[in-house]
1. Can you give me the number of residues within segment 34-56 that are outside any loop (DSSP other than H, G, I, E, B) and open to solvent by 70 Å² or more (accessible area, probe 1.4 Å)?
2. Please determine whether any residue of segment 148-166 is in contact with a Lys or Arg (Cβ under 9 Å, 6 or more places away or on another chain), closer than 22 Å to residue 308 by Cβ and within 16 Å of the ligand (Cβ to nearest atom).
3. Looking only at segment 143-173, which residues are outside any strand (DSSP E or B) and open to solvent by 80 Å² or more (accessible area, probe 1.4 Å)?
4. Provide a single number: the residues in segment 233-245 that are open to solvent by 10 Å² or more (accessible area, probe 1.4 Å) and at pLDDT 95 or above.
5. Quick one: how many residues across segment 174-206 are open to solvent by less than 20 Å² (accessible area, probe 1.4 Å), part of a loop (DSSP other than H, G, I, E, B) and not β-branched (Val, Ile, Thr)?
6. So, in segment 81-133, how many residues would count as being within 28 Å of residue 160 (Cα to Cα) and either within 16 Å of the ligand (Cβ to nearest atom) or outside any helix (DSSP H, G or I) (or both)?
7. Would you confirm, using the coordinates I've provided, whether residue 297 is within 17 Å of the chain's Cα centre (by Cα) and closer than 25 Å to residue 212 by Cα?
8. Quick check on my filter: what residues within segment 62-80 are away from the ligand (no atom under 13 Å from the Cβ) and either in contact with a Lys or Arg (Cβ under 8 Å, 6 or more places away or on another chain) or farther than 10 Å from residue 206 by Cα (or both)?
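The values are calculated or read from the model by the stated rules, or taken from the named source; none is laboratory data. These numbers come from a predicted model, not from an experiment. Because the Cβ atoms are built from the backbone with ideal geometry, glycine has one as well, and the counts that use them run over all protein chains shown. We work out accessible area using only protein heavy atoms, side chains counted, and drop any ligands, DNA or RNA first. Shrake-Rupley method; radii C 1.70, N 1.55, O 1.52, S 1.80 Å.
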Amino acid sequence: MPTPKKIIRLAHGAGGILQEELIDFITKDISHKNINGGIGVLDLDDGATMPLHNYDQEFVFTADGHTVYPLFFPGGDLGKLSICGTVNDLLMMGAKPLALTSNIIIEEGLSFEILDKIITSFNQTAEEAQIAIICGDTKVMPKGSLQDMIMTTTGIGLRKNTIKIEDKNLKIGDKIIITGPIGDHGTALMAKREGLNISTNLDSDVALLLEIIKSIENEINNNVIHAMKDPTRGGIAGALNHWANKSNLSIFIEEEKVPIRNQVKAICDMLGLDPYNIACEGRALLSVDPNHAEEVLDKIQSTKLGKGAQIIGETKSENPKRVLLNTIVGGTRFIDMPLGEPIPRIC
Ligand code: MG
């Protein structure tokens, strides 16, 4: 029997262990992986940095492919999602978003009416984010080779070169903050696809994190915020494991503190999914100096988007590289890096 050919599966794109394998495969032979000692492709942060000699600021770049289907979903659409995803990744690096590039790949047969709605939403969200769209490309593919359309973006921002925010920069004793309820985006999309009646008023959380970031600008500049990440594919389980691994410490999460809507819990139960693994598109995780955590939480809670923010846990030295959950019933269990739920086209 010949060995079956190894192929790419949907789960390779789902933000878990298999996706890390795929990224390793793709990046293993790149000869130059960063510039001037900045954050590069192997760091897998939300963006890369390009330090500039003789300047007190550095460029931040982020690249993103947006494949969500259907194009219009409860609470958002492909255009809004594309800008939010890109701008939020820049913000998570402590950068001020400046500009982005936009590539649009369209399936033959898509109506101009639908394209117009997506582009209008894309442009409006970019305006809200005060980010310029400075170049782009369009391609049309034959009918059947792509469903409707996809968009890809590259975001460019600037940050002060004294800012240390990075996935490997968590410190022991840090408090972990989440800026609102988890799992809304992935759950709202899946519920819509599965046609579950319970989903009637659950919307995606897709949103710009600008107001939240503005409220804590001082803390970002003073480096009392050690890391930030938007828990998209792989959910908070993926993001926290990534942090624990790269910072070589453990993260203890208090189950009772983690905000999850009842609808999200119910739908995830029905579909056999874990809300900790489900994508958010308008939430941030922060790892904060414990002496400033309450103050940071107050500021986030004073924003419209951050009302539901909570301190959900802290970092420790025991069990390095692991994420542990203190459960409501009293036990402790590991939260593992998700393998990768094969849920296609949610972001
Ligand atoms: Mg991100």
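1. Of all residues in segment 34-56, those outside any loop (DSSP other than H, G, I, E, B) come to 41-43, 48-51.
Checking the rest, the ones that are also open to solvent by 70 Å² or more (accessible area, probe 1.4 Å) come to 42.
Number of matching residues: 1.
2. No, segment 148-166 contains no residue that is in contact with a Lys or Arg (Cβ under 9 Å, 6 or more places away or on another chain), closer than 22 Å to residue 308 by Cβ and within 16 Å of the ligand (Cβ to nearest atom).
3. So the first thing to find is which residues in segment 143-173 are outside any strand (DSSP E or B), and the list is 143-148, 161-173.
The answer is 143, 147, 164, 168, 171, 172.
4. In the first step, residues of segment 233-245 are kept if they are open to solvent by 10 Å² or more (accessible area, probe 1.4 Å); the result is 233, 241-242, 245.
Going one step further and asking which of them are at pLDDT 95 or above, we end up with 241-242, 245.
Number of matching residues: 3.
5. Count: 6.
6. 27
7. Numbers: within 17 Å of the chain's Cα centre (by Cα): no; closer than 25 Å to residue 212 by Cα: yes.
Here the answer is no, as residue 297 does not meet what is asked.
8. Here is the first cut: in segment 62-80, the ones away from the ligand (no atom under 13 Å from the Cβ) are 67-80.
Correct list: 67, 68, 69, 70, 71, 72, 73, 74, 77, 78, 79.
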